[in-house]
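Following: one structure in structure tokens, then a few remarks.
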Amino acid sequence: MRIMHLLRRALCLSVLTALCCVSTGLADQETGSPLYEQAARAAERDGYRMVTTAGLREMLRVKPGVLLVDVRFSYEYAEGHMPGAVSLPVDLSDRGDLPPARRQAFEDVLGADKDRIIVVYCRGFR
């Protein structure tokens, strides 16, 4: 039951982050973007928060053990990703219960530590 709760939260977070971006290319326009503001409101409603590029840099500097999850397509991850990030591509067709292989992938990446900070990122506000 606890794993399913974690999986649902992680999937929800992954889908939400498909709307956001923490890439340095958008650092100057993040918080002013209507899409960022919309995604931030949606995240807050679901108990999460958005983080800006500057906020992420600071978080990584002061909090060891932050898990970075790259939800872009595998080929995008292969072309370049944040140092230390793990690849867990989001399949937007995943709704409700995950297929067993996807569920196991989430469990393997997220682990059992409920208190661990997990940052999910993608390519852009989409």
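Coordinate-derived values only; no laboratory data. Quick caveat: nothing in here was measured; it's all calculated off a predicted structure.
Observations on the structure shown:
- Applying the Karplus relation 6.51 cos²θ - 1.76 cosθ + 1.60 with θ = phi - 60° to segment 97-110 yields 3J(HN,Hα) values of 6, 7, x, x, 5, 5, 4, 5, 4, 4, 4, 5, 6, 6 Hz, where x marks Gly and Pro.
- Over the C-alpha trace of segment 52-114, radius of gyration and Dmax come out as 13.5, 36 angstrom.
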